[in-house]
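Asks: Supplied in structure tokens, the structure appears directly below.
Read-outs: derived from the displayed coordinates by stated rules, not from any lab. No experiment lies behind these values; they were computed from the predicted model shown. A quick note on method: Cβ atoms are made from the backbone with ideal geometry, for glycine too, and the neighbour counts reach across all protein chains shown.
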Amino acid sequence: MNAFVAIIVLLISIVVHEVAHAWQARREGDDTAERLGRITLNPIPHLDVFGSFIVPALLYASGSGFLFGWAKPVPVNPANYRDYVGGDIRVSLAGIVSNLGLALLATLLMAVVGKVGSLNLGPAPLVDWMYSALWYGLYINLILAFFNLIPIPPLDGSHVLAHLLPTDLQLPYRLVGQYGILLLMALMYFAPGALDTLLWPVDFLAGLADRFVRLWT
């Protein structure tokens, strides 16, 4: 049951992440994703068999405590943005902002559910299940947000860094994206300590959220 809940929460979170990219791209003047039907919460157009199912299942089965996945990247054409640099940055960060928003929403709902449980206002098994699902929502969305900030192409953080690099380095840096998934997998398996360092805000913010929830329960 825990595996099922965690993966369902992950799937919802990565779909919202991709919809946020598509929605912001439309605001910037590019309707590519909209024309392809990607501004929708229907998961079918977004999900990727490998990134949305196989990788999360393997990570969960490994017992590493780290759950991650991805959906099909939203197709965008930055040439259509009214402001190329600013638009590219905003579209890239939109997914991260959506995950932080979901983490905040999960925290607030955890406080409500925790209060309901402390007052015995609902069936204990249902309250416990809802609290567990919301905890997954908090933690998974924090992981998605800060993992995507890692500046390895094609992760979202790489779009920001690319615009800060000298012009002659931007193209070679973006081309690293061809091997980005391999680099990330190597980082996860061969340098887990580095990954822990990069993701330190996850545990820090999760701890703050937990203390906030306890104030209300």
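Asks: Work out from phi, with θ = phi - 60° and the Karplus expression 6.51 cos²θ - 1.76 cosθ + 1.60, the ³J(HN,Hα) of each residue of segment 166-183, listed in order in whole Hz, and give x for Gly and Pro.
Replies: x, 3, 6, 9, 5, 5, x, 5, 5, 5, 4, x, 4, 10, x, 4, 5, 5
Asks: While we're looking at this one, here's another question. From the helices alone, meaning DSSP H stretches of at least four residues, give me the mean residue ellipticity at 222 nm for the chain, per-run term -39500 (n - 2.57), in deg cm²/dmol to the nearest 500.
Replies: -23000 deg cm²/dmol
Asks: Which net charge results when you count Lys and Arg as +1 and Asp and Glu as -1 among the other residues whose beta-carbon is under 14 Å from that of residue 153?
Replies: -1
Asks: Would you please state which residues of segment 181-199 a label at residue 48 would reach in this model, taking the label point 7 Å out along Cα→Cβ and a backbone N cut-off of under 18 Å?
Replies: 181-189
Asks: On to the next question. Would you please state the base-10 log of I(q)/I(0) at q = 0.16, 0.18 1/Å for segment 2-216, with intensities from the Debye formula using one equal scatterer on every alpha carbon?
Replies: Here log10 of I(q) over I(0) equals -1.14, -1.36.
Asks: Can you give the net charge of the other residues whose Cβ lies under 11 Å from the Cβ of residue 47, counting K and R as +1 and D and E as -1?
Replies: With Lys, Arg at +1 and Asp, Glu at -1, the neighbours total -1.
Asks: Out of 167, 107, 40, any idea which swings most in a Gaussian network model of the chain, alpha carbons joined below 10 Å?
Replies: For the chain, modelled as a Gaussian network with Cα springs under 10 Å, the answer is 167.
Asks: Any chance you could run the full-extension gain for residue 214 through residue 62? It's 0.36 nm times the residue separation minus the Cα-Cα distance, nm to one decimal.
Replies: This chain segment gains 51.7 nm when fully extended.
Asks: On to the next question. Under a plain spin-label model, where a point goes 7 Å from the Cα along Cα-to-Cβ, how far apart in nm are residue 35 and residue 105?
Replies: It is 3.0 nm.
Asks: Please find, in a Gaussian network model of the chain (springs between Cα atoms separated by less than 10 Å), the residue of 61, 206, 94 whose mean-square fluctuation is greatest.
Replies: 61
Asks: A follow-up question, please. Which value in nm describes the separation of the simple spin-label points at residue 12 and residue 121, placed 7 Å from the Cα toward the beta carbon?
Replies: Computed distance between label sites residue 12 and residue 121 equals 2.0 nm.
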